[in-house]
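First the structure, then my questions, so here it is.
What follows is calculated from the coordinates using simple rules that are stated; it is not laboratory data. Computed from a prediction, not measured in an experiment: that's the story for all the values here. We place every Cβ from the backbone using ideal geometry, glycine too, and count neighbours over all the protein chains shown.
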Amino acid sequence: MKSITTPSALTTISDSTFYQCYSLFKTTIQHNNNTTLPSYLFYSCYSLQEIIIPANIEYIGSYAFQYCSSLFKVTIPNTVTSIGSYAFQYCYSLREITLPSNLTYIGNYAFSSCQSLQNITIPDSVTSISSYTFSYCYSLQEITIPNGVTSINGSAFNGCYSLRKITIPSTVTSIGNYAFQYCTSLQ
């Protein structure tokens, strides 16, 4: 299977539906009644390159795109308020992502090891950077933590070797262990 378009009448997509569909490179999820992209939905779909998440989705499940190593473009609608743990981990080709303005939660390891990720804008609605969220994003060069954030948890940016500049607002009251470990380019 190389391509799939889900029908708009589809009412349920279960966890792991496209799990390890190695040749799947294109998918279109039609707008339907689902508000969740299930966990492990596209896990290890190595050839998947681009996805547009429908406007009705509020939650991206844990591991939903983990190991989608060819995924380079993701469009996330403003309806998404939560991204589960490990959701985009090991998406090595992901270069840029715009997080929705209504996003309030980003899970542990959500973007960990997205080695090509150069830019990320964290919206003001996020109040905490979870553990390992952006760890090992080797190409990430600059990050501005928004004013709403009060905590940066352990190893949140660990191993971001190219990170040269980080702006931390006065609202941050807690920074966890190893939050910036191995950020050897910080100036």
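Placing unit charges on C-beta atoms (Lys and Arg positive, Asp and Glu negative, everything else neutral), compute the dipole magnitude of the chain about its Cα centre in debye, rounded to 20.
Here the size comes out at about 300 debye.
Between Thr11 and Gln141, how high is the FRET efficiency from 1/(1 + (r/R0)^6) when r is the Cβ-Cβ distance and R₀ = 30 Å? Nearest 0.05.
Values: r = 43 Å, r/R0 = 1.43.
For Thr11 and Gln141, the calculated efficiency is 0.10.
Take every Cα pair under 8 Å in the stretch 15-187 that's 6+ residues apart, average their separations, divide by the length, and report that relative contact order as a whole percent.
13
Where in the stretch 1-68 are there chymotrypsin sites (Phe, Trp or Tyr not before Pro) that are in a DSSP coil and have at most 11 other Cβ atoms within 10 angstrom of their Cβ?
Tyr22
Return the whole-Å distance between the Cα centroid of the stretch 1-43 and the Cα centroid of the stretch 155-185.
Value for the Cα centre distance between the two parts: 35 Å.
By a straight-distance test (C-alpha under 15 Å), which aspartates and glutamates pair with Lys26 as possible cross-link partners, with residues fewer than eight away in the same chain excluded?
Leaving aside aspartates and glutamates fewer than 8 places away in the same chain, those within reach of Lys26 are Glu50.
For the residues Val80, Val172, Val149, what sequence is obtained by ranking on other C-beta atoms within 10 Å, fewest first? Present the calculation step by step, with values, prior to reporting the outcome.
On the way: Val80 22, Val172 15, Val149 19.
By the 10 Å Cβ count, ascending, the order reads Val172, Val149, Val80.
Test of understanding: given the chain, find the longest segment containing no trypsin sites (Lys or Arg not before Pro) that are in a DSSP loop and have at most 16 other Cβ atoms within 10 Å.
Details: sites that count: Lys2, Arg95, Arg164.
The segment 3-94 is the longest one with no such site.
Now, a different point. Among Cys183, Tyr43, Thr173, whose Cα projects farthest towards the positive end of the dipole of the stretch 15-187, with charges put on the beta-carbon of Lys, Arg (+1) and Asp, Glu (-1)?
Cys183
Straight-line reach from Lys165: which lysines fall under 20 Å, measuring Cα to Cα and dropping same-chain residues less than 8 apart?
Output for Lys165: empty list, no partners.
Moving on. Give the label of the value calculated from the structure for log10 I(q)/I(0) by the Debye sum over Cα atoms at q = 0.10, 0.15, 0.18 Å⁻¹, choosing from [x] -0.54, -0.92, -1.14; [y] -0.41, -0.91, -1.24; [z] -0.38, -0.82, -1.13.
It is the one labelled [z].
By count of other Cβ within 10 Å, fewest leading, how are Asp124, Asp15 ordered? Intermediate values should be presented prior to the final figure.
Details: Asp124 11, Asp15 15.
Ordered by Cβ neighbours within 10 Å, fewest first: Asp124, Asp15.
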